[in-house]
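The values are calculated or read from the model by the stated rules, or taken from the named source; none is laboratory data. Because the structure is predicted, anything quoted here is derived from the model rather than measured. Here the Cβ positions follow ideal geometry from the backbone for every residue, glycine too, while neighbour counts run over all protein chains shown.
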C-alpha cells in the first residue's frame, strides 16, 4: 500500500519514517514539508541516509497525493490537518492525523481549548486509541490519533472507570514528559541550558490534553468526568510517565482492581502489565510501541495509584499511528512495530 507522510521533518514524522521502513506492507510514496520543500530528507536527518533518499514535496501536491496513496499520515501542528482533510474528503486516501484536529467528538471543545476555528466540522472521525476503539478504527475514513500524555493517562485509568471501581470526581493525573514532546522547533524554554538539571510543571489546570482524557474516560464510564491533569517537563529526550490517583469506591477490593486490569489488557500485545506493586520505567519502553502499567493500593487513604510509561514519539505518536493504520487496513497489528525496546 502506498502511504504519504505529511510533515515528515518533525520528530513524529521522522519516527514514522523509521517505523514504516520496517513495515512489509507499505511503500512510502510521498513525504512533505513546507519549510524544507525540495530538500532531501536524509540531508535533514542524517540517521536516514542510505535508507530514505527522498525529496520533500510541498502541500500544493496534496490532491495528487490523495489520488495515489491509500493512507496519509499527517504529522503537523494542530490547525493544519483539517484543511488537508477537507481537500481530500472525496479522495480514496484514508487519513491518520497525529495532531489534535480530529480527536474530539464535539468540535466546540476543540475550539475552546485550542483557540482555532474548526473548518471541517462535518468530518466523520474516530478517536485513534487502538486498544479502546479498535472496532471503530477498522472502518474509519479519518482517525484522530490519540495524544502522547493522553495515551499513557487513558490506558492507566480505563479499566478502573470502565468497571466503576473509583470515585471519578477524585481523579488526578501527574505526568512527566521528555522534551521531544514539545516538537523540533527552536524554543528558548527547551534549550539545553534551560533544561539541564531542572524539572518543572507547565500548563497547570489548562493543558490541552485534559479534555481529550476526559472525553475518553467519560465514554468508558458513562459519566461526565472532570479531572485534574498536570504535565511536567523532564530533561530527557523521550518518554512519558503518568501517575494517576483516584479514590476507590468503598466496596472495591484490591483483587477487583487486579481483575479489571487483567481482564481488559491481558490479550493486548502492546500493553505489558507489571502487576500490583511494580514500578514501570521509561527506559524499558524507549523506542518501542509498548505501554507498561503497574498499580498500587494505598489502604491507608483508600486510593489506587496507577503508573503508566510510554515512549511519547512511538506509542504516543508515530507507533500508535501505524498501529491504527494496521487495524484500518486489516494488517497484523504488530506489523512494523514488533521489535525490542532500545536499552539502555
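You will find that of 324, 312, the residue that is touching a helix residue (DSSP H, G or I) at 6+ places or on another chain (Cβ under 7 Å), touching a residue at least 60 places away in the same chain (Cβ under 8 Å), assigned to a loop (DSSP other than H, G, I, E, B) and surrounded by 14 or more Cβ atoms within 10 Å (Cβ to Cβ) is 312 and no other. Scanning segment 135-148 for residues that are outside any helix (DSSP H, G or I) and in contact with a helix residue (DSSP H, G or I) (Cβ under 7 Å, 6 or more places away or on another chain) turns up 138, 140, 142, 143, 145, 146, 147. The residue that is surrounded by the fewest Cβ atoms within 10 Å (Cβ to Cβ), among those in segment 188-214 that are over 22 Å from residue 309 (Cβ atoms) and in contact with a helix residue (DSSP H, G or I) (Cβ under 9 Å, 6 or more places away or on another chain), is 188.
Results for (1) touching a residue at least 60 places away in the same chain (Cβ under 8 Å); (2) touching a helix residue (DSSP H, G or I) at 6+ places or on another chain (Cβ under 6 Å); (3) buried (at least 18 other Cβ atoms within 10 Å of the Cβ), shown as yes or no for each residue.
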position: 13; (1), (2), (3): yes, no, yes
position: 16; (1), (2), (3): yes, yes, yes
position: 75; (1), (2), (3): yes, yes, yes
position: 79; (1), (2), (3): no, no, no
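Scoring residue 252 on the criteria (1) crowded, with 20+ Cβ neighbours inside 10 Å; (2) part of a helix (DSSP H, G or I) leaves a single failure, condition (2).
Inside segment 37-61, residues that are modelled with pLDDT of 95 or more and either surrounded by 17 or more Cβ atoms within 10 Å (Cβ to Cβ) or outside any loop (DSSP other than H, G, I, E, B) (or both) make up a count of 13. I'd like to know if segment 173-185 contains one or more residues that are closer than 23 Å to residue 311 by Cβ, out of contact with any helix residue (DSSP H, G or I) (no Cβ under 9 Å at 6 or more places or on another chain) and free of Cβ contacts under 8 Å to residues at least 60 places away in the same chain. The answer is yes, given that some residue of segment 173-185 is closer than 23 Å to residue 311 by Cβ, out of contact with any helix residue (DSSP H, G or I) (no Cβ under 9 Å at 6 or more places or on another chain) and free of Cβ contacts under 8 Å to residues at least 60 places away in the same chain.
Checking segment 181-191 against the condition returns a match, with at least one residue being over 20 Å from residue 286 (Cβ atoms) and outside any loop (DSSP other than H, G, I, E, B).
Quick check: is even one residue across segment 14-36 assigned to a strand (DSSP E or B), farther than 20 Å from residue 313 by Cα and at pLDDT below 95? No; the residues of segment 14-36 include none that is assigned to a strand (DSSP E or B), farther than 20 Å from residue 313 by Cα and at pLDDT below 95. For segment 283-292, the condition holds for no residue, the condition being that it is over 24 Å from the mean Cα position of the chain (by Cα) and touching a residue at least 12 places away in the same chain (Cβ under 8 Å). In segment 255-276, the residue that is nearest to residue 289 (Cα to Cα) out of those that are in a loop (DSSP other than H, G, I, E, B) and touching a strand residue (DSSP E or B) at 6+ places or on another chain (Cβ under 8 Å) is 270. Number of residues in segment 96-134 that are assigned to a helix (DSSP H, G or I), farther than 17 Å from residue 153 by Cα and either free of Cβ contacts under 8 Å to residues at least 24 places away in the same chain or assigned by TED's automatic domain parsing to the domain that holds residue 11 (or both) equals 8. Look at residue 7 and say whether it is touching a helix residue (DSSP H, G or I) at 6+ places or on another chain (Cβ under 8 Å), touching a residue at least 24 places away in the same chain (Cβ under 8 Å), under 27 Å from residue 124 (Cα atoms) and surrounded by 22 or more Cβ atoms within 10 Å (Cβ to Cβ). When the stated conditions are applied, residue 7 passes them. Is it the case, given these coordinates, that residue 90 is over 25 Å from residue 224 (Cβ atoms), crowded, with 16+ Cβ neighbours inside 10 Å and outside the structural domain of residue 231 (by TED's automatic domain parsing)? Answer is no for this residue.
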